[in-house]
Structure formats: structure tokens, C-alpha cells
1. What are the residue pairs meeting all of these: first residue in region 376-402, first residue closer than 24 Å to residue 363 by Cβ, second residue part of a helix (DSSP H, G or I) and polar (S, T, N, Q), Cβ atoms under 6 Å, and 6 or more apart or on different chains?
2. I need the full set of residues from region 622-661 which are in contact (Cβ under 8 Å) with a residue 40 or more places away in the chain and exposed (fewer than 14 other Cβ atoms within 10 Å of the Cβ), in order please.
3. Are any residues in region 49-81 touching a residue at least 12 places away in the same chain (Cβ under 8 Å), more than 13 Å from residue 169 (Cα to Cα) and of a type outside the set (A, V, I, L, M), and if so, which ones?
4. Which residues, taken from region 409-424, are assigned to a loop (DSSP other than H, G, I, E, B) and acidic (Asp, Glu)?
5. State all residues of region 362-401 that are under 46 Å from the mean Cα position of the chain (by Cα) and not in a helix (DSSP H, G or I); if no residue qualifies, say none.
6. Quick one: which residue in 514, 448, 500, 510 is in contact with a Gly (Cβ under 8 Å, 6 or more places away or on another chain) and of a type in the set (A, V, I, L, M)?
7. Take the residues in region 505-528 that are modelled with pLDDT of 95 or more and of a type in the set (Asp, Glu), then tell me which one is surrounded by the fewest Cβ atoms within 10 Å (Cβ to Cβ).
8. Checking residue 305 against (1) within 39 Å of the chain's Cα centre (by Cα); (2) in contact (Cβ under 8 Å) with a residue 12 or more places away in the chain; (3) more than 30 Å from residue 363 (Cβ to Cβ), only one condition comes out false. Which one?
Amino acid sequence: MKKMSASLIGALFLSSMVFSTNVFAAGIETKTAGDIGVTYRTHIQNEGWLQGWMVDGAMSGSEGKGLRLEAIEIELTGDVPDDLKIQYQTHIENEGWAQGWVTDGALAGSEGKGLRLEAVEIRLTGASASDYSVKYRTQIENEGWAQGWVADGALSGSEGKGLRLEAIEIMVVETPVKIAYDAYQDVLNQASEADYTVNSWTTYKKIVDANVVTKDDTANRITEATIAIKTAQESLVKKADLTVYHDVLNSVMEEQCTPESWAIYRTIVEANVVTAEDPQEKVDAATIAIIKAQKELVKYANMSAYNTAVTAISEDQVKSGWTEYKEVLDANHVTKLNTQDEVDAATAKIVAAQKNLVLYSNLGNFNKVIALYIEFGTDADNAPYSRESWDAYTTVCETYGTLNNGTWVYDVISKNSDQTAIDSATADIKKMTDVLVATADLKAFNAAKNIKITDGPYTTASFEAYTKNAQVISIADLEADLLKSYSQSVVDGYTQTLIAIQHELLIHAADLSAYNEALAKVKAVDYTEKTWATYQTIVDTNKVDGDSTQEAVNAATAKILSAQKNLTYSAAYVAANSRLDSYYFGVRKVGDNILTRANELISAAGFDKTRYKISFTRIDNGTAVINPVTGLITDAGATTASVSFTITPVDGSEAATTKNIDLFINK
């Protein structure tokens, strides 16, 4: 921070003196209120208001003429706070102070009576008045300016002497407290935390906090606080400027350099990490170290020109010569690990080889002139152009190709055509695009007009009501050519009318997605005939469609899902999906029960075993002993057995038998 000059300190101490009315009278000056001024005029004997308005201490009236002041008007000027007013009253010959106080430009005194002003009192009012002082002095008959300056409602002139006022000077000045407080605020604003180190700011902030003042303090106290803060600012330490440091760091990127050289570079960077809290000398030294390290980086080759050359031409653009060109490409494959000279040499060879290619003709401009045709199609009702000009344009387009379901077929002009022929066709079509007559665009109108019941989808009744609406019919019957003759705003108005009626009349059909998903979850072939018949009855009694209410659809869906829980899978379905086979049956041992194991597998597959009876049939004639009723293994015998299981639904539906299962039994 720059040192505070002796003149500033002196000025602050001077401004901190407590100025009384007597001090003003002694002629000591204070700071003029630069943002607020005062203007005034006086009514002079024999001259009236002829002299006009005076400002900021200029004399109003006369000297040496012996002419009395008879009236005065005073106003504040400049950036005056809303609450700040100036009031004044005059002592009038024969009337005294009877007239009382007037405000802001009102007349104090008299006109046409020939009565002299003998004294005046002026004051400021309002909350902002404490920041300013109005000082004034008068020239008095026989006494001149001897009385000197007074301020803030004090009497200037005389009472009971019969002496006229002949001139007046008025000034508005800032109070010593305001001068001191403004200087305090200015000093505070000279330092910003963002500019200084944390430690120095912490110390500085303690001094600031110890010297908080307000306008309620004396000017002396405010000035003392200002000097303390100003002095403390001299000890603030500026943060280091990291601009160049960061620019240097950002000047190289890892992907530009080889891993080995980057690793060495990063070691140097990490050893030279600095922050704004470091001295500038340390930051500068770190920056220099990093710059030196960057000179040792091994950078990858610049592949921009090479990549541009390689991607410039694709096989579908080449009519002949691709095989030879591809050999050049393959022979000149390089990467960023190659040297820059190698990359540049490869690029040059590829570019040279491209000159030997025979390319198909360029269809770029041709595609541009047929783009409108592809966008809007053959129907002039869809295009925002007059029918006559659109038909002429599409006729020419169709001379050079075919539009098939929105896709252009290059059956006349194609990439195999001579470039001259393509350019000629392009020019022919371009002539027609240049004379297309623009009309209102019916795209949005047609979309609104051609709404379908499935677009919502909407209920049958509401869509029927919409299509039979008289206003909808009248708008839909408007011919496209007639609509195109209207302004766009008129067409948009029709469009918005249709949309508004749609919003008013159309009712979205119920959402059947969950209902349909529920129905699709189950198939008759997978369940017993008896439980399916019961389920189907519930489905039949809960049929809904898009015209049903959403509540009805939801209720039907819930009933169907509930009914599905009572479905019993057919025995054949269980046999096929319950993993009743040798692999999942596992190795058994004496004391195990094969019926128990079969039920476990059925449950594990997600079936309710309580809905089925399980029995088994011994297929082999082996020596293993399995109880034919209970399924208990009592002897391992030759350690193998072959069985099949029969699954019978408890509702009496058809039974099913599994494939033969080989059992392995440990002794």
C-alpha cells in the first residue's frame, strides 16, 4: 500500500474538529456539498426579481446602493435525497416573524408592500439533514457583512433595530461528521480481501473490526479510526499474480507428449506448485522452472493435415483407382508416435495419390435444389408455395429422377452421370426454385386438420362429436389454394381454432396398456382346463375398451390379475418346467425320499406343490430298494435306479408323466 501523505492525515484531523455556529461565523471553511447545491433569489427594492437566481454562495441583493431586500425564495439543487428539505423564515418590517417558516422555493417576505427584510433564519430538515449544514450571511444596513456567517437556523440580521437587509449569501456544506465518515468509507473500499494474502488480511481485519464507527460517532473518533485502518493497509501483502504461471501450465497438454517425457515433466511441475499466498518471487521462479521443463518434452507429431487427407475421400466417392490408392494409404499409415517429418512425408504421398483417382461426379448442389421436393412431396397442398409454381418445380425435378415414398431415386441423374449433365440439371431445377411463389405454410394446419382417433387415442364418442362439429367441418372444407392465398396469421388462426376445439371436445381414451399386459401374461395351453374356464369367465365379465373409464379399466385389470393367482398350471407344463431330471435330482442316499425330492424341485421351479399329487413308477429291475408308495430309499443295491414321476392336479385335470429319470444312490 502507498503511504498516507501528511497532507491527507492533516486534512482528516482538520475535518474531525467539531464545528459550531460560532466557528462558521469565524470564517472557517468546510467541504462544499458537491452533490447538493442551493439556489436563491431576492426581491430588491425598486428592482424586484430582476437580478434572478444566484447559486452556492454568490451574492443576491446589492452593495452600496442602500436598497432593501423585500422577499427571498430558496431551493436545493443537485442530487437531493427525497427527505431533505430547506426551510426559511424572515423578520419583516412591522410584521416580525409572523409569516413563519416556508419550504423549498416558497416566498418568504412580501411583494408590493415596500416592507424591508430585517433578519432571516434558514435550516435543513429530514433524515438526511444531519449530513449537511446550511451556512449564510447577510449585509445589514450600516453594518455591512460584519456579523459574519451563521448556520442551521441561527439568526442573520437584526431584530428591534429597524435595519434593512441589503444582500445575502447562502451555501450548503457537508458536516464534519459526514466528511470524516465518507473518508472512512473511501479508505475501507481501497482494500479488497481477494487481493491480499490470508495472513495479512486476517491481521488487517482485526484492526478494521476494532475501528468500526458510524455517523453517530464524533468526527474525531471517525478520523482516528480512518487513520488506524489506513495505516494497517500499509502492512497488507498483495497476493501473487498467477496469470503467467497458469498460462504456462495450460500451454501444453498430456495428450501432445510421450508418456516418458510427460512423467519427467510432471515431476518438475509437482515440485513447483505455488499459490497466490506465495511471494511473487517464488511464483516467478516456479514459472521459469516449468518453462525450462517444457523445452525437454517430446511431443507427438501433429496429425491434423494427415487425418484431413485420409478422411477427405471415401471409397464410395471413387469411380476408379481405389485399389491403387488404398495401397498408398496402407503403405503410409503413421501415428502420432512417428516423427513429424515422417507424418508430413506420408501426408504428401497420400495427397499425391488422390490426384490419380477418378471420382464420381459431385451431386452436392443437385441435392440442394431437390431438397424441397423431398421435404414436401408431389402434393402442392403440403408445400408453402402456390400450386402453379410448385407443380412447375416438381415437374422439372421428376425429369431427373423419381421420388419414391419420400426417398429420391437417382435413376436419371446419378453420381455416374457426367458432371456437366449434373450441373445442367441443377441449373434447370434452380431456375424453378428461384420463381417459386411463397404462400402461407399449411403444415401445422394440415396436421391439426388430419387428426385421427388413434392419435390420442380418443374415445369414439368424443371423436365423433369433434368430427361433426360445425366449425370444424367449415374449416376442414376450406380449399388448400384458398388458404394459401391468406396471410400466415389467418391460417395460424384457423389452426389454433381447430386445436382449441380438439382440447375442448376430445377425451383421451382409457390407457389399456396394463390391462392388455395382464391378458397377455397367461395362455390357456399352460393351465388346467377347469381353472382356465373359471378364469375365462372372470375375463369375459371384465372386458373393457378405450371408451371405458380409466377407473373401470383399472378395476378390471385388478380382477384379472387376482384371478390369475387361482390358475393351476397343467401337469404337462409342470412336468416340462420343474427340472425333474437326473441332473437336478442329484445323488441320493439310503434314507432319502424321492417323492420328497420331487416336491422340492417342483416348489423350487415356482409351482405350488399343494395343487398336485406326485407318484412314481419304477422303470428298471435293479437291486436298489425304493418303497413304491412312500418313495423312501431303503437299500442302495447296485446304486442306480430308473423312475418316472406322474403329476396329477388336485382339481382332477389330466395327469402327465415325466421322462425316465436315472437316480444315483450312495450306499
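1. As it stands, the answer is 376/382; 378/394, since those pairs meet every condition given.
2. 634, 635, 650, 651, 652, 654, 659
3. Across region 49-81, the qualifying residues are 65, 66, 68, 70, 75, 77, 78, 79, 81.
4. Residues of region 409-424 assigned to a loop (DSSP other than H, G, I, E, B): 410-418.
If the condition is that a residue be assigned to a loop (DSSP other than H, G, I, E, B) and acidic (Asp, Glu), then 411, 418 are the ones that fit.
5. Across region 362-401, the qualifying residues are 362, 363, 370, 377, 378, 379, 383, 384, 385, 386.
6. 510
7. Looking at the filtered set, the residue picked out is 517.
8. Failing condition for residue 305: (3).
The values are calculated or read from the model by the stated rules, or taken from the named source; none is laboratory data. Quick caveat, the model's predicted, so the values are computed rather than measured. FYI the Cβ positions are ideal-geometry reconstructions off the backbone, even for glycines, and counts take in every protein chain you see.
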